[in-house]
1. Among the candidates A253, A246, which residue alone is modelled with pLDDT of 95 or more and assigned to a loop (DSSP other than H, G, I, E, B)?
2. Can you name the condition, by its number, that L75 falls short on among (1) at pLDDT below 95; (2) among the hydrophobic types (A, V, I, L, M, F, W, C); (3) over 30 Å from L361 (Cβ atoms)?
3. Name the one entry in R305, R266, R288, R273 that is modelled with pLDDT under 95, surrounded by 13 or more Cβ atoms within 10 Å (Cβ to Cβ) and basic (K, R).
4. Within the stretch 432-506, considering only helices (runs of 4 or more DSSP H) that don't extend past its boundaries, which have at least 3 residues that are surrounded by fewer than 22 Cβ atoms within 10 Å (Cβ to Cβ)?
5. Would you please list the contacts, defined by Cβ atoms under 7 Å and residues six or more apart or on different chains, that run from a residue in the stretch 427-447 that is closer than 22 Å to P9 by Cβ to a residue that is surrounded by 14 or more Cβ atoms within 10 Å (Cβ to Cβ) and among the acidic types (D, E)?
6. Quick one: which of D258, D230, D222 is among the acidic types (D, E), outside any helix (DSSP H, G or I) and in contact with a Gly (Cβ under 9 Å, 6 or more places away or on another chain)?
7. Residues being in contact with a helix residue (DSSP H, G or I) (Cβ under 8 Å, 6 or more places away or on another chain) and in contact (Cβ under 8 Å) with a residue 60 or more places away in the chain: count how many of those fall in the stretch 274-291.
8. Just checking, does the stretch 247-267 include any residue being under 23 Å from P356 (Cα atoms) and in contact with a Lys or Arg (Cβ under 8 Å, 6 or more places away or on another chain)?
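The values are calculated or read from the model by the stated rules, or taken from the named source; none is laboratory data. Everything quoted here is computed from the prediction, not taken from an experiment. Neighbour counts are summed over all protein chains in view; Cβ atoms, including those assigned to glycine, are modelled from backbone coordinates with ideal geometry.
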Amino acid sequence: MTAQDSIFPRSSGVLLHPTSLPGRYGIGDLGPNAYRFVDWLESAGQTIWQVLPLGPTSYGDSPYQSLSTFAGNTLLISFDQLIQDGWLVADDVKNVPPFSPYLAEFGRVITYHSQILAKAYDRFTAAASADHKSTFTAWCAEHAYWLEDFALFASLKQHYGGKPWVEWPKGEALHEPDAIAAARQKHSRGVEEQKFRQWQFFRQWNALREYAHEKGIRLVGDIPIFVAHDSADVWGNRDEYFLDAAGNPTFIAGVPPDYFSPTGQRWGNPLYRWDKMAENGYAWWLSRIRATLQMVDIVRVDHFRGFEAYWEVPASEATAVKGCWVPGPKFDFFNVVVEKFGQLPIIAEDLGLITPGVVELRDGLGLPGMKILQFAFGGAAAENSFLPHNFTPNCVVYTGTHDNNTTLGWWMTEKEATPDVRSFVPQYIGHPVNEIHWELTRLGMASVAHTFVVPMQDILGFGADTRMNTPGRESGNWGWRFTAEWLDHPARERLAYMTRLYGRWPKTEAAPEPGDGEG
């Protein structure tokens, strides 16, 4: 099986999480500026909008440690849209706190947004028509397979001051039927409010996705291979994870020691009991993939190599040193997925330690891997697989990802762009480096890779202070935002110029002549 042109035509797009969008409510949302960004993409000939996981975040604010793999991040709900829908009035948001326009201050944002969303739910319960309530009830029934557990989980978590579920009273922590039934009755209003918030998120997301499709934009989402221990997924499905009797992990995920980390990385995510999942035909995973593909068009699977083999660390260990490689489900899992969904619209995140077995799994499924241009210029240069002359068409090339420095920040940091790298880049491109972010963008655009994706920071030429995430840093990540005037920056025309020049303009319309967009 190979990637088909219908899934991966020659194209390009932008990596930007919605939280980074402009807006007056402290964080990017699914309101007017999200639609304006879609228009911006269309005007630049882009047909991909890649986002990070869209689930509700918790401690550390990482979208890769979500409270649910099915639920949406309700911080993204647009208050302006709620006003249009009648669940808020303008006075409700008249006195917005003085949030930074350049940074999502998650602590303050969470408090404020929860207060406003509570007002929206109060107005809904007091004033909703019978049709509105019927629509809400029907939506809840359609999503009950995940929504019932998540809404109760979120209500209990709020009730217990944000404590992880293993610290709740035993009956609720261990999902005992009598305790759960009592909790549903006791917290019925909170449960319904959580359902209302999810309804609003999905209504707004689906409307935005439909608008993007009208503009020829496809959405690329993200599935982290592992889920957070403190999540509704683990809480409601304990038998499918390596947990002890109290619900604590016995084995956790991570990566082994390497050049960058002598003790490895101890991620803390509980490991799947793949044997148990296989017994029921990987039902939870199939539901997860189905739900994600109802939200996005293509899925980037984070840490794809874990399906071939994963690093198992005893939870009692303080580091990842004393771990071992354990075989993953490999083709057994993906054969079930292919049987269910057909051709896989999946990008395999195949970075890090990639063995022949991982390559066999990726290529046997016909999945495109990832190429990162910031990784291209070190080591044995000519053989480096991240250099464009070593690409095959079936790959997705990036200047960098959310885990990288911005390209300008990388170039200006000697520990990252070492003297050897700074010497080799001008040799490779054939002239002195002028604007490194555009040099790498041109390399990606011109390459044979069917898809090129560039982070918004690299289009705008932003430095290290706008980096989205620094792996291993416990706080201070995920908060970067930009302001609305940047959507009128001439960088858009320059991006459009390269998109036309290198044949990535959408085929459904005639590409304009290149003109003088390099100015």
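1. On the way: A253 fails: assigned to a loop (DSSP other than H, G, I, E, B).
Matching residue, one of A253, A246: A246.
2. (1)
3. On the way: R305 fails: modelled with pLDDT under 95; R288 fails: modelled with pLDDT under 95; R273 fails: modelled with pLDDT under 95.
Being modelled with pLDDT under 95, surrounded by 13 or more Cβ atoms within 10 Å (Cβ to Cβ) and basic (K, R) holds for just one of R305, R266, R288, R273, which is R266.
4. Working: elements: 436-446, 456-460, 491-501.
Filter on the stretch 432-506 gives 436-446, 491-501.
5. Between residues of the stretch 427-447 that are closer than 22 Å to P9 by Cβ and residues that are surrounded by 14 or more Cβ atoms within 10 Å (Cβ to Cβ) and among the acidic types (D, E), the close pairs are T441/D458.
6. Working: D230 fails: in contact with a Gly (Cβ under 9 Å, 6 or more places away or on another chain); D222 fails: in contact with a Gly (Cβ under 9 Å, 6 or more places away or on another chain).
Being among the acidic types (D, E), outside any helix (DSSP H, G or I) and in contact with a Gly (Cβ under 9 Å, 6 or more places away or on another chain) holds for just one of D258, D230, D222, which is D258.
7. 3
8. Yes, the stretch 247-267 contains a residue that is under 23 Å from P356 (Cα atoms) and in contact with a Lys or Arg (Cβ under 8 Å, 6 or more places away or on another chain).
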